[in-house]
Amino acid sequence: MKYWSKALIYCLLILLVFPSMTLAQQAPALELGAKAAVLLDFQTGQILYSKNGQQPHVPASLAKIMTMYVTLDQIKAGQVSLDDTVVVSERAWRMIGSRMFLEPGEVVTVEQLLLGIAVVSGNDACVALAEGLAGSEAAFVQLMNEKARALDLPMHFVDVHGLSGENEVTAESVARLVHAYLMDHPDAIRFHREPSFSYQPRSSRTPIVQHNRNGLLRTYEGADGLKTGHLEVAGYNLVATAVQNNRRLIAVVLGAESEAKREEEAAALLTYGFRNFDLVNIAPLLHDKTARVVKGKQAQVGLKVQEPIIAVPKGVGATVSVGIQTKEVEAPVEEGTPVGVLSIYLQDELVKQVPLLAVEEVERGSWLKIMWDNLIMFFKDLIRRR
């Protein structure tokens, strides 16, 4: 038998900002010309700014982030290694647009292809990688869409390189994709921060050196990624990420009018985040809060949240309400077991909910304790039925 108990705690804190329209109302105004834009705080996963963030958009080469994600998943699972090789097909060689300049029959490593995708946005590298790992581009695209569904992201892909106008994402889904990508594969950033990439095709006497298309790597402090994209139907897209004072932000700009404008607006987003938001620890709010335990060696267990750090606007004070909902749990209880929900409200508007977890293990109680709790539960249930 389980029931929910509620406690409402009112605290004087720095104003909390979460993924909601409230954020835009509390921080300084930011005007961008791009069709859609999003700023996400990496540590908390909070969206700090959103303009048309849920509006469908063509990703262009931003689709390659998912191509790399699926590949690195396979590497992590031990299905493939960076040193494994792929034979370049004629189909890969014939790809138009940005290229690594692969030639038919060449043997290249998975690592070379990943660098060719991340640094120079090689469409040929994407097809070679997909064919080498999945047998065909169509089979690899299926893996990309399965990954999007697993992440619960509103995305749809029809190719591995982003040349089709039928690929579809949103600015928020791209930001959350990159968040998950770097959480699962933190070392992936090494591919994206390379300033240039050198590859020598079989028919060339000298290596072909191409520079990273993300200009912020050269102009913005702390920038170390991540991906550019452009199609006539999509405009100029950019995902930029930077670290300052041990804090990473992810900026997404979709549908800018030029390369220069997408970099300018991505830089503005990053600066907006670094200047206007701080991180605050909310763990002290749970210091003396507990959930009830039945049939255990102890009758209560303390509470914690997985990530107690939140992003808040600098220098703004306000009263916020924090609702704690806990459920009665039956021992044994493992540390980290979900025991409730922490809800945070701003001006009576729910802005975020996170699971409450057991802070420690609670062992099964004695037979006498179990009998007593069973008796109490029986009579409570009997009373409720009347």
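Within the stretch 358-386, residues that are touching a residue at least 40 places away in the same chain (Cβ under 8 Å) have Cβ atoms under 8 Å from residues that are surrounded by 12 or more Cβ atoms within 10 Å (Cβ to Cβ) and among the acidic types (Asp, Glu) in these pairs: ALA358/GLU335; VAL359/GLU335; GLU360/GLU335; GLY365/ASP373, counting only partners at least 6 apart in sequence or on another chain. If you check ARG202, ARG218 for being exposed (fewer than 13 other Cβ atoms within 10 Å of the Cβ) and part of a helix (DSSP H, G or I), only one passes: ARG218.
Touching a Gly at 6+ places or on another chain (Cβ under 6 Å) and in a loop (DSSP other than H, G, I, E, B): does that describe VAL158? The answer is no for VAL158.
Residues considered: ALA291, ALA260, ALA331, ALA299. Of these, the only one that is more than 21 Å from the chain's Cα centre (by Cα) and within 19 Å of ILE344 (Cβ to Cβ) is ALA291. Candidates are the residues of the stretch 131-161 that are in contact with a Leu (Cβ under 9 Å, 6 or more places away or on another chain) and in contact (Cβ under 8 Å) with a residue 40 or more places away in the chain; the one that is surrounded by the most Cβ atoms within 10 Å (Cβ to Cβ) is VAL160.
Each value in this text was obtained by applying a stated rule to the coordinates, not by laboratory testing. Just so you know, these numbers come straight off a predicted model, no measurement behind them. All Cβ positions, glycine included, derive from the backbone under ideal geometry; neighbour counts span all protein chains shown.
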